[in-house]
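Read the structure below first, then the notes.
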Number of protein chains: 2
Amino acid sequence: MTETNRTVRLAARPDGLPDASTWTIADEAMPHPGPGEILVRVAMISLDPAMRGWINAGRSYIAPVEVGAVMRAGAIGEVIASHSPAYATGDFVYGPFGVQRFAAVRTDAKDHSDLVYKIDTGLAPASNWLSVLGLPGMTAYFGLLDVGALKDGETVVVSAASGGVGALVGQIAKLKGCHVVGIAGGPDKCRFVTGELGFDACVDYKADGLYKALQAALGDRRIDIYFDNVGGPILETCMTLLAMHARVVVCGAIVGYNDTSKIQGPRTYMNLLVQRARMEGFVVFDFADRYRQAQAAIGGWLRAGKVKALEDVRDGIDQFPAALNDLYSGGNFGKLILKP
Amino acid sequence: MTETNRTVRLAARPDGLPDASTWTIADEAMPHPGPGEILVRVAMISLDPAMRGWINAGRSYIAPVEVGAVMRAGAIGEVIASHSPAYATGDFVYGPFGVQRFAAVRTDAKDHSDLVYKIDTGLAPASNWLSVLGLPGMTAYFGLLDVGALKDGETVVVSAASGGVGALVGQIAKLKGCHVVGIAGGPDKCRFVTGELGFDACVDYKADGLYKALQAALGDRRIDIYFDNVGGPILETCMTLLAMHARVVVCGAIVGYNDTSKIQGPRTYMNLLVQRARMEGFVVFDFADRYRQAQAAIGGWLRAGKVKALEDVRDGIDQFPAALNDLYSGGNFGKLILKP
């Protein structure tokens, strides 16, 4: 075999935004699948805001990526060799293949973050299995319906509305008859969120006057569910506009991922008391044994044209560092996917 | 009738801690009960941290006390004249009688904060109806058991542990087999909390090293329920020690009542995500139609000697301003009650 495996490894933990010194990109020998393992040719890699947290030294909800290791990533690929009776050459699979062109992995991981499963490219295009049918989709689905306990016709606000999670949160809420307001950066994204995704309104957080703009978008309504992907002043502002018995779903806090000095608590949290409201965090892996259920539901909406998969696909494994940083500057437009 | 009614009225909204200019204390003509009203001789007045919020201009969960009005307070007293068929002279009642010696009130209020009901001084001494059987008791009971959804044997931390609410939260949690850590100001209060109230440990927040002291008090345990009466750095610290699926019950935020510059959001709130935890606010009035149930339960524990009513009773209506401010400096020892 003359092929080599091009990999992105963590060279050093970054202080702030990752840069050239954070990553080592190199050609390596092909991996060989051990007993029970499969060898996968990676077709598409998911780039997620949470990646920044994975390369910090401390454990949060998942163990950190070790310095020197291939960067962790969910990905899809084709099985090209199998030492597992459950998988055959030619199967398409989702798994923790990392930022590399080939991966040899076990298929019986107990940890939900290391789950491997076959995907049905007849049900939806392969890329969808990283977006609306992948972790962003699962995050939106369970965060909104289970953690948020959405009721038909409620008022929903979601930040990072043009991102992989936010776009689906709003579309599902619209399907459930909700009034949906997105928050996104810049007029182009806002136009997309209302025009293409069908949200009722979208507020540009980069413009002045977030509170007034959000208030105008809500009219007489107050927020039943605020689905928070960003933290910071946007979270703080949304908490002043909660309805009685509102739910604040804590999904992420992009604002602080690269600059911990920007992490702030919402000074307006006592609105939780005034409005008898709750704020709740979750980790999507906890719902792993119900992914199939969510994928069937979202797959049905996709085929019926009720939900759009919004994807921003980049080409070439060497683009990984730049593409990842786009997530933190708002340079992506939909779910960011890298073809290695 | 030669008697007069001594009253405490709100003279001006304070900026910061209330002072002499906040209140007008004067003798007035006796009130006369109108149709459907009762005239009550006020025996004991409840002083609550929440009072500071009631004299701000803005509405929070309850309308503000108007400038010129008698200060709002829950109180107990004896009916001395009745124009209501449901009440007779000599009945002891709880109601929104305010900081004054006599009150004429309707008994059919629809608003739960204005509820009037008879109390059974055979079941417990009158003062108990302002402490463990009154709003502090109801707050502790429903906040811990309903909002916090306490499970037997969990680990519970409560701030303002020697106050009217905190003392009962910890005692109920002990009854349920929990490991209970209080947070209080100063060694005297901490000794009382462990010695008299039977908490497993008490951390002095006025000493240095809150995090380390709390960690030591918890040992290998993490916090299943943090019942927060104070906000600020104590809340922020407790959120770093949450167990999986923990609940943070938002009951109050004494730290910011008199100095809004001290209001801060907990910068550690992303622990809600890591621990799949929730933070939830409540207002005790929402549980008004279940007060009888809670009073029966707590009354039973009182008679069985399983719960102590911790009361700090002050004499004389003119002591109201000083006694109230004691609540904010930590100068009280248990539920603060004023005999007018």
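Where a number appears in this text, it was derived from the coordinates with a stated rule and is not lab data. Values in this document were obtained by computation on a predicted structure and should not be read as measured data. As a convention, Cβ positions derive from the backbone with ideal geometry for all residues, glycine included, and neighbour counts pool all protein chains shown.
Summing Cβ point charges (Lys, Arg +1; Asp, Glu -1) relative to the Cα centre of segment B:121-192 gives a dipole of roughly 120 debye. With the charge dipole of segment B:1-121 set up from +1 on Lys and Arg Cβ and -1 on Asp and Glu Cβ about the Cα centre, the Cα lying farthest toward the positive end among the listed residues B:Ala73, B:Val93, B:Leu17 is that of B:Leu17. Using the rule -39500 (n - 2.57) for each DSSP H run of four or more residues, divided by the residues of chain B, the 222 nm mean residue ellipticity is -6000 deg cm²/dmol. For peptide A:249-256, the mean count of partner chain Cβ atoms within 10 Å of a residue's Cβ comes to 2. The label point for B:Asn56 and the one for B:Arg191, both projected 7 Å from the Cα toward the Cβ, are 3.7 nm apart.
Set the Förster radius R0 to 51 Å, insert the Cβ-Cβ distance between A:Ser329 and A:Phe92 as r into 1/(1 + (r/R0)^6), and round the FRET efficiency to 0.05. Efficiency, from the Cβ-Cβ distance: 0.95. Chain A holds its axis-closest Cβ, relative to the rotation onto B, at the residue and whole-Å distance A:Gly265, 1. When chain A is treated as a GNM with alpha-carbon contacts under 10 Å, the residue of A:Val169, A:Val105, A:Val203 showing the greatest mean-square fluctuation is A:Val105. Using R0 = 25 Å, the C-beta based FRET efficiency linking B:Ala288 and A:Lys151 works out to 0.50.
Label-point spacing for A:Gln293 across the identical copies (point 7 Å from Cα in the Cβ direction), in nm and ascending order: 2.8. Each copy carries a label point for A:Asp188 at 7 Å from Cα toward Cβ; from one copy, the others' points are 6.7 nm away, ordered from shortest.
Give the separation of the Cα centroids, segment B:218-281 to segment B:170-214, in Å. Computed from Cα coordinates, the inter-centre distance equals 16 Å. Taking the C-alpha atoms only, the angle from helix A:320-329 to the longest principal axis of chain A is near 10 degrees.
From least to most packed, judged by other beta carbons within 10 angstrom and beginning with the fewest, A:Cys251, B:Cys178 follow the order B:Cys178, A:Cys251. Residue by residue along A:53-66, Cβ atoms of other protein chains within 10 Å of the local Cβ number 1 on average.
Ordering A:Ala217, A:Val8, B:Leu175 by the projection of their Cα atoms onto the charge dipole of the protein assembly as shown, which places +1 on the Cβ of Lys and Arg and -1 on the Cβ of Asp and Glu, puts B:Leu175 at the extreme positive end.
Here the scattering of segment A:135-285 is modelled by Debye summation over its C-alpha atoms, one equal scatterer each and no solvent; at q = 0.11, 0.13, 0.16, 0.21 Å⁻¹ the log10 of I(q)/I(0) is -0.35, -0.49, -0.78, -1.45.
Looking at chain A, the DSSP beta bridges with both ends there are about 50 percent antiparallel. Net charge within 10 Å of B:Ala43 by Cβ-Cβ distance, Lys/Arg positive one each and Asp/Glu negative one each, not counting B:Ala43 itself? So the environment of B:Ala43 carries a net charge of +2. For the segment B:259-270, counting C-beta atoms of other chains within 10 Å of every residue's C-beta and taking the mean gives 5. Between identical copies, the spacing of A:Gly90 label points, each set 7 Å from Cα toward the C-beta atom, reads 9.6 nm from nearest to farthest. By the rule of a second cysteine Cβ within less than 4.7 angstrom, chain A holds isolated cysteines at A:Cys178, A:Cys238, A:Cys251.
Remark on B:Glu311: its backbone amide H falls under 5 Å from those of B:Lys335, a criterion applied only to residues 5 or more positions apart or on other chains, H modelled at 1.01 Å from N. Residue exposure proxy: B:Arg267, B:Arg278, ordered by other Cβ atoms within 10 angstrom of their Cβ from fewest to most, comes out as B:Arg267, B:Arg278. Summarising the label geometry, the points placed 7 Å from Cα in the beta-carbon direction at B:Val67 and B:Asp111 lie 2.0 nm from one another.
Taking Lys and Arg as +1 and Asp and Glu as -1, the other residues whose beta-carbon sits under 9 Å from that of A:Pro136 total 0.
Counting neighbouring beta carbons within 10 Å and listing from fewest to most, the residues A:Leu175, A:Leu218 come out as A:Leu175, A:Leu218.
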